[in-house]
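Below is one structure; the comments refer to it alone.
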Amino acid sequence: MKCESCNVREATIHITKGSGLDKSEKFLCEQCANASFESDFSYPDDSFNIHQLLKSLSQQQSMHQQQGKQKECETCGSTIDTIVKNGKFGCPDCYTTFDRQVPEIIARVQAHQTEHIGKVPKKSRSQIKVKKQIETLKMKLSELIESQEFEEAAVIRDEIRELEKAGGMDGAE
Amino acid sequence: MAQNNVSPWIENAAEAPVEMSARIRLARNIRHIPFPHMVRDGDALDEVLEKLGAAFDEYQKVSMNMLKFEDKALLVEKHLISPLFTRQGLHSYINEEESVSIMVNEEDHIRIQTMGAGIPIQDLYREAEAIDESLEDVVDYAFDENFGYLTACPTNVGTGMRASIMLHLPALTLGRKIERLSGNLNRFGFTLRGIYGEGSVPLGQIYQLSNQLTLGQTEEEIIQNLDELKSQIIEEELEMRSRLQSEHLLEVKDSVHRSYGILKHAYKMSLKEAAKCLSDVKLGIDLGVLEQKNFKFQKWIQLIQPAFLKMRLNEQHKHYTSLEQAVDEERATLMRELSGGK
């Protein structure tokens, strides 16, 4: 027997849905059966209002198109178009590539929350700490320059350089 | 391959009124690698997979390309993998208790999931966090200072954490309170929905309470809020139950014992009917209008699912003309056996 869905491959799987009057039966090949799989099991973990996201994305897109060509992510090749189509970003770097649209998208699906205050990976913990240290030192540096304490300023400047080198600031995050 | 029985942690789960199992899921991705839906062959993850394999050598590695359709369906029914994972997943690492599952190449590169019953959800989080930290030693996570853990879908960004608790809410369902309740929960960034099946009354009147937002709160805050909401819902359910008992005792007794009769004596049973009967009996036991030792709601609700029953049919080498009829018959047979019928 041929698969009822594609009419090409041999039907190997018998799928029934519902019971009593609602009962429906299908004979499908494995591919088509797999494709119909999701509707058989509800897995509500990740359902979200995709329309909300798409709406915000397409609004952003039309704004963007007015300004010229479509931007493409260097890592995965995604454009706002493909992100809209998939309802997902293409890779972690998309968050940086589309940095103009991302905050708006996130704010919409996360009920206007925009900042992560939870767990930080061990590796980033030290990086973030170094970044904060550098910021503090830079403030101190400009204060010292203003009060013309150049000798001390030079020490601070070297400290900043040292931290920037050691912190592995590769600009990725 | 995982055993054909229910997971050990379900087998050993203590029965409690209302509260069932809980689950923590963390979504994690690797820096600079496209998300799974963008990669067709999974090559980019090869190196990562090797490292993961070494880190989880005490876990059972379950590879999707080695499994038959029925085996995958069984793992889905056990909540060890997701339907999406059956199509695009590569490997899942599962512990002996089957309470931990690490999926590689689900919607995100890595999904860490811990499940349990009768233990605080905080403990499940700590368990997931420990796995998370050991993974961190071997891979570089995609993390942004402002947006937190970066995920394929922006609905998971931030903590990447989904915390959920399963609740048996027959009285609130009967009193039509679920809709109002879930509307209220939505305003706090939480959702309440049926775990099995769709429609107004979910299978077995079992619901999943989970956080909708993953950003702007710490993991601990989300879990604490979830726990508080859970207690409130349980309280409302129990209040509704005592009203049922005082105002409609005869009706309650009647429907509980009818359902018990069906479980004990029927010869064919749809999933929907079996789930409803189990739910009624569970309520009857909780209310003290029916005594049934060895009744295990969580376990039996899993055993009546199609893939479990097909597995039983295969084990017995039974011949049948219609699979669906055979499954319905097997479901009734199993229920008769378990509830002490003939």
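List of remarks:
- Region B:61-70 - residue that is under 21 Å from A:Leu28 (Cβ atoms) and open to solvent by 30 Å² or more (accessible area, probe 1.4 Å) and, of those, farthest from the other protein chains (Cβ to nearest Cβ): B:Asn65
- Residue count for region B:74-83, restricted to those that are more than 20 Å from B:Asn5 (Cβ to Cβ) and crowded, with 21+ Cβ neighbours inside 10 Å: 1
- All of (1) touching a residue at least 24 places away in the same chain (Cβ under 8 Å); (2) within 13 Å of chain A (Cβ to nearest Cβ) hold for B:Thr173 with one exception: (2).
- Residue match in region B:184-196 (condition: more than 10 Å from chain A (Cβ to nearest Cβ), more than 23 Å from B:Ala163 (Cβ to Cβ), among the aromatic types (Phe, Trp, Tyr) and in contact (Cβ under 8 Å) with a residue 24 or more places away in the chain): no
Quick grid of which residues meet (1) assigned to a loop (DSSP other than H, G, I, E, B); (2) modelled with pLDDT under 75; (3) of a type outside the set (S, T, N, Q):
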{"site": "A:Cys32", "(1), (2), (3)": "no, yes, yes"}
{"site": "A:Ser39", "(1), (2), (3)": "no, yes, no"}
{"site": "A:Gln70", "(1), (2), (3)": "yes, no, no"}
{"site": "A:Cys73", "(1), (2), (3)": "yes, no, yes"}
{"site": "A:Lys85", "(1), (2), (3)": "no, no, yes"}
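- Being buried (at least 17 other Cβ atoms within 10 Å of the Cβ) and not in a loop (DSSP other than H, G, I, E, B) is a condition met by no residue of region A:111-120.
- Output for region A:84-105, where each listed residue is out of contact with any Leu (no Cβ under 7 Å at 6 or more places or on another chain), within 7 Å of chain B (Cβ to nearest Cβ) and not charged (D, E, K, R): A:Asn86, A:Phe89, A:Gly90, A:Cys91
- Matching residues, region B:78-101, being at pLDDT below 95 and either closer than 21 Å to A:Lys119 by Cα or in contact with a His (Cβ under 9 Å, 6 or more places away or on another chain) (or both): B:Gln88
- Output for region B:108-156, where each listed residue is among the small types (Gly, Ala, Ser) and assigned to a helix (DSSP H, G or I): B:Ala128, B:Ala130, B:Ser134
- Against the numbered list (1) at pLDDT 90 or above; (2) facing chain B (nearest Cβ under 7 Å), A:Ser124 comes up short only at (1).
- Identity of the residue in region B:84-127, more than 16 Å from B:Ala27 (Cβ to Cβ) and of a type in the set (Lys, Arg), that ends up most open to solvent (accessible area, probe 1.4 Å): B:Arg126
The values are calculated or read from the model by the stated rules, or taken from the named source; none is laboratory data. Source: prediction; values computed, not measured. When we count neighbours, we look across all protein chains shown, and the Cβ atoms used for this are built from the backbone with ideal geometry, even at glycine. Surface areas here come from the heavy atoms of the whole protein model, side chains and all, with no ligands, DNA or RNA. Shrake-Rupley method; radii C 1.70, N 1.55, O 1.52, S 1.80 Å.
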